[in-house]
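Read through the structure below, which is laid out as structure tokens, and then see the notes.
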Amino acid sequence: MSHRSRQLKVSSLARVEGEGALRVQIADGRVERAELNIYEPPRFFEAFLRGRAHTEPPDITARICGICPVAYQTSACNAIEDACGVTLDPGIAEARRLLYCGEWISSHALHIYLLHAPDFLGHPDAISLATRHRDVVERGLALKKAGNTLLETIGGRAIHPVNVRVGGFYSLPTRADLRPLDETLRRALDDALATVRWTAGFEFPDVELDHDLLAASEPGRYAIADGSLHTASGLAFTPQEFPDHVVETHVPHSTALHASLGGHRYLTGPLARYTLNSAQLSETARQAAAEAGLGPACRNPFRSILVRGVEIVYAIEEALRIIEAWERPPRAFVEVPPRAGTGHGISEAPRGTLYHRYELGADGLVRTATIVPPTSQNQAAIEADLRRVVEDHLDLGDAELTTLAERTIRNYDPCISCAAHFLDITWEGR
Amino acid sequence: MTTPTLAVWKFASCDGCQLSLLDCEDELLELAGKVRIAHFLEASGTVVPGPYDVSLVEGSITTPADLRRIREVRAASKVLVTIGACATAGGVQALRNFADVREFASIVYAHPEYIDTLATSTPVAAHVRVDHELHGCPIDRGQLLGTITALLAGRAPDLPDTSVCTDCKRRGLTCLLVADGTPCLGPVTRAGCGALCPGVHRGCFGCFGPMAKPNTPVLIPLLRSRGMSEADVDRVFSTFTVTETRREEP
Ligand code: SF4
Ligand code: SF4
């Protein structure tokens, strides 16, 4: 019997958002424990949302994450509009989807170029990557900027947009305001297609995962800003039924809660969306996916970088389509008079389904708030992957195995602020 | 001459302010040619030991471990710049300072005993000396670049202490408070954002915190005459920079 002892430590996982640590315990050639410890300091949003007016959660919850504020704003609006029984005018709903496309483009471009691609090319960061491939990094930055320009045009600011309110927007652009975006987005579409071709040339470790998958779905189009939910195991439910299916528990090693779906682990995010909804992508996006070697489903987490690229292609085309048809709606928002009740809202953050629930009093004040971010839903699946990847590669040296473990985490673009700047990997072997 | 080093640190925050640096898409690679990014975990796995010429600090101090860490960051930094409402004022998470943090923990967590947190969320300047402060939730990207450029040139950054109203006038926007009767905190809020909210026809809600000498007693009756209840006024002054605005209250 081998009692080989391995102690590896990485005191900082870079290129992720937030603070976390990772602990892997190996005994007799088996992974005994694989834990992602999220030690991002708790910020207590759900506690201090109580007593705030029903108009406030979009601005307040945006501050949970600087990388996906639109997701927070949208899920919050959806939930409050649900509680108050309000439906958006179609033109306002289109503007919300358009704004959200900006976040998908910007956040996915950030992850692909600045956080994830360096892993595949053996560079510590994009700046080092730029010393060898400046044009490539410039392309990534241009793509990200296109997303930010869209966010600024519709949202008034790229980080924590100021123009979003319950019921819609404070003001909406005219056709003329949107015209300059057209050219920016057309150039971005070429860059996005080039991104998919570029990442298709990377080398991907061969893994197939068997997690259940969860994503929003909408009739006739790839779900982004709204929808109901469905899973790979065949469940379908409304946002209102989300709490009946997803249960969060608190584990000692993390300040993020762990979610499970009917008692088992599951995954949300690009792989889940793509696998469940790829038939709804645009023609160009589907073709780009096929040329990159993606089938209609993708369960290899290392290929998530390709899926993100395909989703950028889609988001740009979708933005172009909305802009093309844009007629400024007669009003920028629907009045949302408060009423007592509970509302549920979901949307597809770049990292996965983001659920909000608010209970409002008749005075319009929030009584309770519950927020289930993608990273806490994915945490169990990430830990399972980590276990699997480490177990499959125990023959690797300590340094290589550590790198592979970090890459396994980065596949998910875990947002540790919503849940790691800091991943402390401890290998405990015995 | 050796290349100056830049470090970026995160405490309790949303990452939005450090993201503002990566959002300088047109300047990032040029900047990377002028400074050595020595510590910036969101962007790089390379960590160069200090001392650092310039440290940018995002986030507020909310745990015993972070209280120790901020002292180490100060000791390793020649110039320390705090970025954003969290680092300069405690951020939105400072709402706990006016409540019972144990109760807060019990609302969010089934096992609050697993949570190691301080009762308060405090600005960096409450613990160590800070050389410059960039306000805003989030900070303005232009102001960030201007500050880094000034510091690299050995100058003090040029940071405004006037109100959002000045930005608003500079942009030629119609005053929401006067012309439309929309409540707006512009007259007492620090300039720097370029009057983003009035630009989309929304009253300023104070995300840059109070200006140097805010005349809040004059503004409050105006806000009330524009339809805000006492509770609305209370809440708008108690959100993103709650520790500063509470201090400025009459
Ligand atoms: S100040 Fe605001 S934008 Fe900056 S880190 Fe804090 S919450 Fe995020
Ligand atoms: S106008 Fe006020 S609330 Fe709006 S971005 Fe500027 S400082 Fe922040």
How many nm is it between the label spots at B:K78 and B:L222, if each spot is 7 Å from the Cα in line with the beta carbon? 4.4
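Specify whether the C-alpha gyration tensor of the range A:28-136 places it in the rounded, prolate or oblate class, a ≥ b ≥ c being the square roots of the eigenvalues: rounded for a/c under 1.5, otherwise prolate if a/b is larger than b/c and oblate if not.
Cα axes put the range A:28-136 in the oblate bin.
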The range A:133-209 - convex hull of alpha carbons, volume per residue in Å³: 155
The exposure ranking of A:W104, A:W326, fewest beta-carbon neighbours within 10 Å first, is A:W326, A:W104
Add -39500 (n - 2.57) for each DSSP H run of 4 or more in chain A, then divide by its residues: what number comes out at 222 nm, to the nearest 500 deg cm²/dmol? -13000 deg cm²/dmol
Modelled label-to-label distance, B:V47 and A:T342, 7 Å Cα→beta-carbon offset: nm? 4.3
Just going by the charge dipole of chain A, with Lys and Arg at +1 and Asp and Glu at -1 on Cβ, which of A:L394, A:V334, A:G227 is farthest out on the positive end? A:V334
Between A:T131 and A:R197, what is the spin-label point distance in nm, taking each point 7 Å from the Cα along the Cα→C-beta axis? 2.9
Excluding same-chain residues fewer than 8 positions from B:K213, which aspartates and glutamates have a Cα within less than 16 Å of its Cα? B:D161, B:E244, B:E248, B:E249
Calculated FRET efficiency, A:E324 and A:T55, Cβ-Cβ r, R0 22 Å, to nearest 0.05? 0.10
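Listing A:F45, B:F98 from the residue with the fewest other Cβ atoms within 10 Å to the one with the most, what is the order?
Going from least to most buried by this count: B:F98, A:F45.
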Based on the mean of other Cβ atoms within 10 Å per residue, sort peptides A:106-116, A:232-242 so the most packed one is first. A:106-116, A:232-242
Per-residue Cβ contact counts at 10 Å, fewest first, order B:K169, B:K213 as B:K213, B:K169
Over all alpha-carbon pairs in chain B, figure out the percentage whose distance exceeds 29 Å. 35
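Using a Förster radius of 45 Å, what is the FRET efficiency between B:T2 and B:A65 based on their Cβ-Cβ separation? Nearest 0.05, please.
Efficiency for this residue pair is about 0.90.
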Among the lysines, select those whose C-alpha is under 30 Å from the C-alpha of A:K144, and discard any that sit fewer than 8 residues away in the same chain. B:K10, B:K34
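Please report, in cubic angstrom per residue, the volume enclosed by the convex hull of the alpha-carbon atoms of chain A.
127
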For the range A:157-315, just run the numbers: alpha carbon Rg, then divide by 2.2 N^0.38 Å, N being how many residues it has. 1.21
Radius, Kirkwood style, for the range A:279-364 when every pair of distinct Cα atoms is counted (Å): 16.5
Between A:E400 and A:E208, Cβ-based FRET efficiency (R0 25 Å, step 0.05) works out to 0.70
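All of the numbers you see were taken from the coordinates with simple rules; none came from a lab. Source: prediction; values computed, not measured. All Cβ positions, glycine included, derive from the backbone under ideal geometry; neighbour counts span all protein chains shown.
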